[in-house]
Each structure stands twice: as structure tokens, then as C-alpha cells.
Amino acid sequence: MSEAPRFIVVDADTDSQSELYATVNSRLLSEEAVRDSFLDAVSAREKKYPTGLDFGHCQVAIPHIDPEHVITPGVLVCRNAQQTPFRAMDDPDRELSVRLSIWPLVTDPHNQMDMLGAVISLLQEDSSCQRLLTADPTELPEILADVLKAVGQQE
């Protein structure tokens, strides 16, 4: 039986995507949620396949990586005080200004599409981005309940 998905919140104040990635990686390593390969892998993937999404009412990044770099399933929500440039998933030449990033930690590749669908569905609601950015961290698991469920699904 696998472990229940973890939920982690990082409130960052970084100036660049590389600083943001290093901050998230440090937290995930301290939680023993990812392998040492995570930072290099997620950085390389972002360069090749950007993860920024523009919902009109908010711009969000969903950096994700193959399951072999993840130890424990879960979701990390990073709320950055600074706007961080991410390239748009649908137009890599377009730069988005992102303060909210959602980092899925999937250990079963079959769960990745369901989890990404749950994140996108949530973010299509106008109020979701604002709630994720401003809510008390203790309220975030309830807001992201469907995402956590998708991350931890059993085959």
C-alpha cells in the first residue's frame, strides 16, 4: 500500500526561476520527497517543455517531472512574493509573469494526466488562483482536494 500524498506549501521570495527551483528543491529534499536528480531534471524539462499557463485571470506554472525523480507522492504549492518569468506551454516564445506554481509529485505515471487535469480544472475557476495565493496554508489542502486525490490514486 502506498503512502498518502503529502501536501507542502512554500512561501518564497525569489527573483528568478533558478532561485525558485533551488528553493523548492531544497524543501523537497528536506522532506525526503524527491531524489537528488530532481533539480537538474525539472530544470531541463522546463527548458524543453515549458509549463506556464495563462488562464486570463491568472498566470500559473505547473513544473512537473517523471516519476523516477520522486520518492513520495504529493503536491507542493509555491507562492512567490516576486513575479517569476516562465515560458507559456502553448507558446514557448511568450513569457508569463508567475507568482503561483503548483508542483505535482507523482510516483505512478498513470496518475500524471489525471492530476494535471485536476489542476487545470481548479485553476479555470476565477477565484482559485487568488485563494491559493492568499489562503492560510491550513486551508490549501481542502482547496486542492481533487488534485491530491488524483496524485494518490491507486491502480
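The values are calculated or read from the model by the stated rules, or taken from the named source; none is laboratory data. Model, not experiment: these values are computed from the prediction. Neighbour counts run over all protein chains shown; Cβ positions are idealised from the backbone, glycine included. Only protein heavy atoms, including side chains, enter the accessible area calculation; ligands, DNA and RNA are left aside. Shrake-Rupley method; radii C 1.70, N 1.55, O 1.52, S 1.80 Å.
For the reader, a short list of remarks on this structure follows.
- Entry remark, region 82-92: residues being under 10 Å from Pro50 (Cα atoms) and open to solvent by 10 Å² or more (accessible area, probe 1.4 Å) number 5 in total.
- Matching residues, region 34-47, being touching a residue at least 12 places away in the same chain (Cβ under 8 Å) and out of contact with any strand residue (DSSP E or B) (no Cβ under 7 Å at 6 or more places or on another chain): Arg35, Ser37, Phe38, Leu39, Ala41, Val42, Ser43, Arg45, Glu46
- Among the candidates Pro63, Pro92, Pro85, Pro50, the residue that is part of a strand (DSSP E or B) and either at negative phi or over 12 Å from the mean Cα position of the chain (by Cα) (or both) is uniquely Pro85.
Yes or no, residue by residue, for (1) aliphatic (A, V, I, L, M); (2) open to solvent by less than 70 Å² (accessible area, probe 1.4 Å):
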residue: Pro63; (1), (2): no, yes
residue: Asp66; (1), (2): no, no
residue: Val75; (1), (2): yes, yes
residue: Asn80; (1), (2): no, yes
residue: Glu95; (1), (2): no, no
residue: Pro109; (1), (2): no, no
residue: Met115; (1), (2): yes, yes
residue: Leu122; (1), (2): yes, yes
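- Scope region 12-33; condition touching a residue at least 60 places away in the same chain (Cβ under 8 Å) and either surrounded by 12 or more Cβ atoms within 10 Å (Cβ to Cβ) or touching a helix residue (DSSP H, G or I) at 6+ places or on another chain (Cβ under 6 Å) (or both); matching residues: Ala12, Thr14, Asp15, Gln17, Leu20, Val24, Leu28, Ala33
- Any hit, region 29-52, residues being acidic (Asp, Glu) and within 23 Å of Glu142 (Cα to Cα): yes
- Residues located in region 97-107, provided they are buried (at least 18 other Cβ atoms within 10 Å of the Cβ) and either in contact with a Pro (Cβ under 8 Å, 6 or more places away or on another chain) or farther than 18 Å from Arg6 by Cα (or both): Val98, Arg99, Leu100, Ser101, Trp103, Leu105, Val106, Thr107
- Test: residue in region 1-11 that is of a type in the set (A, V, I, L, M, F, W, C), at pLDDT below 95, farther than 26 Å from Asp136 by Cβ and open to solvent by 60 Å² or more (accessible area, probe 1.4 Å): yes
- Selection of region 109-155 for residues being without any contact (Cβ under 8 Å) to a residue 24 or more places away in the chain and of a type in the set (Asp, Glu) yields Glu125, Asp136, Glu139, Glu142.
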